[in-house]
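All remarks here apply to the structure that follows.
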């Protein structure tokens, strides 16, 4: 029997064994690596009775090496991305409900404040600066606006029960 025919027969056996342990693609790669090692390092071994145990020993070493390498890279127990559920970018319903309740509570508290405080908060939420609010409220001193802001925030906190939550 010539060496090429021996390698063809041996390849089928190695591939069958490797496929029973790993994926088909990985088994093909391992089989090729084993055949390369046999061809380069063991050209003097020609008998099938000697090549089969040698080939399977090399295959076991290659499989262990591949398993160690995939574990080291973090690929060992990875799931394919296609199997993972798609994340919903929106908040979960409990968070949405909690936020809605806080907003409703804040709006109810704002409606209990005086006109000046409501206007001040409205302009602050619109992104107006204190100097702009000063001009809009017709005040000569910016410190008056700062004082009103402090008092309005304290009043809002008091109306909300002493806590923002």
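Any read-out appearing in this document is the output of simple, stated calculations on the displayed coordinates, not a laboratory observation. On a predicted model such as this, the values are computed, not experimentally measured, just so you know. Note that we place each Cβ from the backbone using ideal geometry, even for glycine, and neighbour counts take in every protein chain shown.
Sorting 84-91, 40-47, 26-33, 3-10 by their mean Cβ neighbour count within 10 Å, with the most densely packed peptide first, gives 26-33, 3-10, 40-47, 84-91. Any idea what angle helix 24-41 forms with the longest principal axis of the chain, computed on alpha-carbon atoms, 0 to 90 degrees, nearest 10? Here the helix axis deviates by roughly 50 degrees.
When every Cα-Cα distance of the range 3-82 is counted in 5 angstrom steps from zero, the calculated P(r) takes the values 3, 15, 26, 23, 14, 9, 5, 4, 1, 0 percent. Once the Cβ-Cβ distance of residue 5 and residue 66 is raised to the sixth power relative to R0 = 25 Å, the FRET efficiency obtained is 0.35. A Förster radius of 35 Å combined with the Cβ-Cβ distance from residue 128 to residue 79 puts the calculated FRET efficiency at roughly 0.10.
Among 133, 14, the ranking by other beta carbons within 10 Å of each residue's beta carbon, starting with the fewest, stands as 133, 14. Each residue of the chain gets 218 Å³ once the volume of the Cα convex hull is shared out per residue.
The alpha carbons of the range 51-111 give a radius of gyration and a Dmax of 27.2, 89 Å, in that order. Straightening the chain between residue 99 and residue 56 buys 9.2 nm, computed as 0.36 nm per residue apart minus the Cα-Cα spacing. Taking 0.36 nm per residue of sequence separation and removing the Cα-Cα distance, the residue 45/residue 86 pair yields an extension gain of 9.4 nm. At q = 0.17, 0.21 Å⁻¹, what log₁₀ I(q)/I(0) does the range 27-68 have when each alpha carbon counts as one equal point scatterer in the Debye sum? Log10 of I(q)/I(0), two decimals: -0.42, -0.62.
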